[in-house]
Protein chains: 2
Amino acid sequence: MKFKIKRQDLINSVNTVEKAVSIKSTINILEGIYIEAKNNEVTFIGNNLELCIICKIPAQVDLEGSLVVKANLFSSAVKKLPDFDEDVFIEIDENSNISLSCGNAKFNFSTASADEFPKPSISYENVKTLKIKENILKSMIRQTMYAVAQNDIKPYLSGLYFNLENKILDIVGCDSYRLAIRSEEVDSENISFILPGKTAKELCAVLGESEDEVYIKLSDKNAFIELNNCILITRLIDGNYLNYKSIAENESKLSIITETKSILDSVDRAALITSEATKAYIILDIENDYVFINCETVFGKVNDKLSVNMVGEPIKIAFNPRYLLEAFKNIDSQEIKIEFAGPRNPISIKPIEGKNFNSIVVPVKF
Amino acid sequence: MKFKIKRQDLINSVNTVEKAVSIKSTINILEGIYIEAKNNEVTFIGNNLELCIICKIPAQVDLEGSLVVKANLFSSAVKKLPDFDEDVFIEIDENSNISLSCGNAKFNFSTASADEFPKPSISYENVKTLKIKENILKSMIRQTMYAVAQNDIKPYLSGLYFNLENKILDIVGCDSYRLAIRSEEVDSENISFILPGKTAKELCAVLGESEDEVYIKLSDKNAFIELNNCILITRLIDGNYLNYKSIAENESKLSIITETKSILDSVDRAALITSEATKAYIILDIENDYVFINCETVFGKVNDKLSVNMVGEPIKIAFNPRYLLEAFKNIDSQEIKIEFAGPRNPISIKPIEGKNFNSIVVPVKF
């Protein structure tokens, strides 16, 4: 194997496929990056058996071949290459060591045989395709991912739900205590699937801010997510998702409008004394155009009040402050509207303009 | 106790004294901040028995008094105060709880009695004084602290040595493998002392970039470091420091001049494969206006070369790369001069201009 590749292409590819490499695995080969040079194209693959990422980059291939190199060393070496030269020369010697040269710097590492590496099979038979702009997909995942369950006995809650109906795509995260829905118009046919939470997180890290199209191709069991030169392959989560639309519908008896930063700061102050206390909650007492925020734990007491624009009946309601904070932090809007249906009913937090985000939070008993 | 204080003064004082508060101590009171209001001045003290920091701030005192408050909660509360109001009202209620009000936000915490808190005694009898500008002292400590021994059986090596002779102050850090000396002209009388490494680190964090004068007042056992409204009190380390000047003198057989960033990057690349290997070293082979950098461990091989300006005999010499990297990182100069006396002799790394910094590194056998 022998090829020449642009330094920046190499860095980008390794950064991307590395996200699917196992850091510690009982199967040693999964800690490696697969590299194949063929037909003036170099393929990099990381595969932890949950998620597989493939990047293909044009390169000047002088000798075809393939190998697996230890990901952590190779990736660190790639990032430390001298930045005054833009070409990197990679080749394998008679002892199966890979050498990586750029400028005056040269790294040599041992390699493993490419035969052992689990290469994914890609089959686009009977796939349905969802097409969406990269920056929009990134923001939709970012705004809903926080609500995905970390540990839940219901497997479907550990994933991010994609539901496309009548040209509206909803992406939904939920963990029994809160629910986040982000919606966008998308010109594809109806489709729905549950992407594993971990995959969603890595996908969000791989996605950039461009308006390039991302193609999500779905078979029964797997998603093949194509962007630029890369494909992410992941299993899908089986099962039906919950009926999130009915949860999001709630009769409103009170709505308040407030600056996102003000209420975020106030709840954050109250949360100070709850962080180490178990089952601590904060109480919102809303009346006369004020939200009174009160919290009391073994660590002390915090009181705050916030002037708001209020329409409806007064209410007194309690929350786990962390759930409110995460909802507020994920709204990209200077002002928000919060709707209350009663002290035992979930609240709905929305940006003041647009209908594309809704964050539902369940109150606690007090 | 009842007083009004500027929010920013409160934040600065708490940030500063907090650096001397024990995070976990068997003596509970040492996890607290002592607060005393008296004569329109508020005093904050943190004291972990190694280092004590006192800040005095003007305030409108309505009722005198003193107490101790848990540092972590109080400090977090102070940092979370609303930023639209600049006054903070602090008072103690009949249950000995402290309340902290700013804008609409109000925190309440329990307190402990001020009587239990170990207040330091300050005596300026028979002290010698060293006067130096804040920004200069900060840069001198920053540039030498890295070389102070972390774990050494010789107690004096765990401190930073201050030696003022004939209007030249040397600050020296040393750990048997390397030595850093930073010098400045200072208009004070001859003096020398060893400041504990931990104190030096906290002092560096407290010091700002102003040209205000810092007064270091020295008794036999203690240093009292006065800057602005604060005093740091620390014990000094007993014993004589080593004769650093003789170590720094070495006959030069070869000198090279190179860009700091280039050699730093090259050594950093070679160090990649040494981080997890034990007793790994890199070899510098200097000849024909090139430094050839070679490293080989079980993890692989790295080779690099660097064009330099060289005067003297060729040399082949090996180092622990970490010691070279830390020396290079602490030189504030685009170009450096490295002097070699032989493959077994320490090298000297200096900025190309000025004589105010010298970093000595001992080579390893190979």
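The values are calculated or read from the model by the stated rules, or taken from the named source; none is laboratory data. Fair warning: this is a prediction, and the values are worked out from it, not measured in the lab. Glycine also receives a Cβ, built like all others from the backbone with ideal geometry; neighbour counts cover every protein chain displayed. Protein only, heavy atoms only, side chains kept; ligands, DNA and RNA dropped before computing areas. Shrake-Rupley method; radii C 1.70, N 1.55, O 1.52, S 1.80 Å.
Side notes on the structure shown:
- Other-copy label distances relative to B:E209, 7 angstrom Cα-Cβ extension, nm: 2.6
- Signed unit charges on C-beta, dipole axis of chain B, positive-most listed residue B:C52, B:N95, B:C295: B:C295
- Virtual spin-label span in nm between A:L63 and A:S110, 7 Å along Cα→Cβ: 2.1
- Mean projected area of the Cα convex hull of the stretch A:2-116, taken over all directions, amounts to 6.5 nm².
- Inter-centroid distance (Cα atoms) of the stretch A:65-142 relative to the stretch B:135-204, Å: 46
- Residues of chain B: accessible area per residue with a 1.4 Å probe, Å²: 48
- Residues A:A205 and A:E287, FRET efficiency given R0 of 45 Å [Cβ-Cβ distance, rounded to 0.05]: 0.55
- Candidates A:K279, A:K70, A:K253, ranked by Gaussian network fluctuation over chain A, Cα under 10 Å, top entry: A:K279
- As a calculated quantity, the FRET efficiency between B:K198 and B:V311 at R0 = 41 Å, using C-beta atoms, amounts to about 0.50.
- Distance between modelled label sites at A:E326 and A:D83, nm, 7 Å Cα→Cβ extension: 3.6
- Each copy carries a label point for A:S192 at 7 Å from Cα along the beta-carbon vector; from one copy to the others these points are 8.1 nm apart, nearest first.
- Under 14 Å, Cβ to Cβ, from A:F328 - net charge with Lys/Arg +1 and Asp/Glu -1: +1
- Options A:S183, A:L227, A:G159, ranked by Cα towards positive dipole end of the stretch A:128-244, top entry (Cβ charges): A:G159
- Accessible area buried, both sides summed, chains B and A with 1.4 Å probe, Å²: 2300
- Cα-centre dipole for the stretch B:67-133 with unit charges at Cβ (Lys and Arg positive, Asp and Glu negative), debye to 20: 580
- Protein-protein interface of the stretch A:96-128, residues with accessible area decrease of at least 20 Å², isolated chain reference, 1.4 Å probe: A:N104, A:A105, A:K106, A:F107, A:N108, A:F109
- Summed side-chain charge close to B:A270 - residues other than B:A270 whose Cβ falls under 13 Å, Lys, Arg +1, Asp, Glu -1: +1
- Computed from the C-alpha gyration tensor, the three semi-axes of the ellipsoid equivalent to the stretch B:222-366 are 31, 19, 16 Å, from longest to shortest.
- Net charge of the neighbourhood of A:V68, taken over other residues with C-beta under 13 Å away and scored Lys/Arg +1, Asp/Glu -1, is -2.
- Descending semi-axes in Å of the protein assembly as shown, equivalent ellipsoid built from Cα gyration tensor: 50, 47, 18
- Expressed as a whole percent, the accessible surface of the protein assembly as shown that belongs to carbon and sulfur atoms is 45, based on a 1.4 Å probe.
- For A:C230, the accessible area of its heavy atoms, probed at 1.4 Å with every protein chain present, is near 20 square angstrom.
- Residues in the stretch A:291-306 occluded by at least 20 Å² - accessible area, probe radius 1.4 Å, against chain by itself: A:F299, A:K301, A:V302, A:N303, A:D304, A:K305
- Between the stretch A:235-310 and the stretch B:207-272, the Cα center-to-center distance that results, in Å: 50
- Solvent accessible area, Å² - B:K316, 1.4 Å probe, full protein context: 100
- Projected label distance in nm at B:N95 and B:K253, using a 7 Å step from Cα toward the beta-carbon: 7.8
- Entries of A:K2/A:K70; B:K301/B:K365; B:K133/B:K201; B:K221/B:K355 with Cα pairs more than 26 Å apart: B:K221/B:K355
- Structure remark: mean-square fluctuation, Gaussian network model of chain A, C-alpha springs under 10 Å; the largest value among A:K221, A:K56, A:K133 belongs to A:K221.
- In chain B, the DSSP-assigned H stretches of four residues or longer account for a calculated mean residue ellipticity at 222 nm of -5500 deg cm²/dmol, using -39500 (n - 2.57) per stretch and the full residue count as denominator.
- With the label put 7 angstrom out from Cα along the Cα-to-Cβ vector, A:P314 ends up 9.1 nm from the copy partners, going from closest to farthest.
- For chain A, a Gaussian network of Cα nodes joined below 10 Å ranks A:S219, A:S246, A:S139 by mean-square fluctuation, and the top entry is A:S246.
- Accessible area per residue was computed with a 1.4 Å probe on protein heavy atoms; A:R235 scores about 100 Å².
- Positions from the stretch B:53-78 whose accessible area shrinks by 50 Å² or more when the full protein complex is built, not the chain alone, probe 1.4 Å: B:L73
- When you restrict to C-alpha pairs under 8 Å that are six or more residues apart and normalise by the size of the stretch A:128-244, the relative contact order lands at 31 percent.
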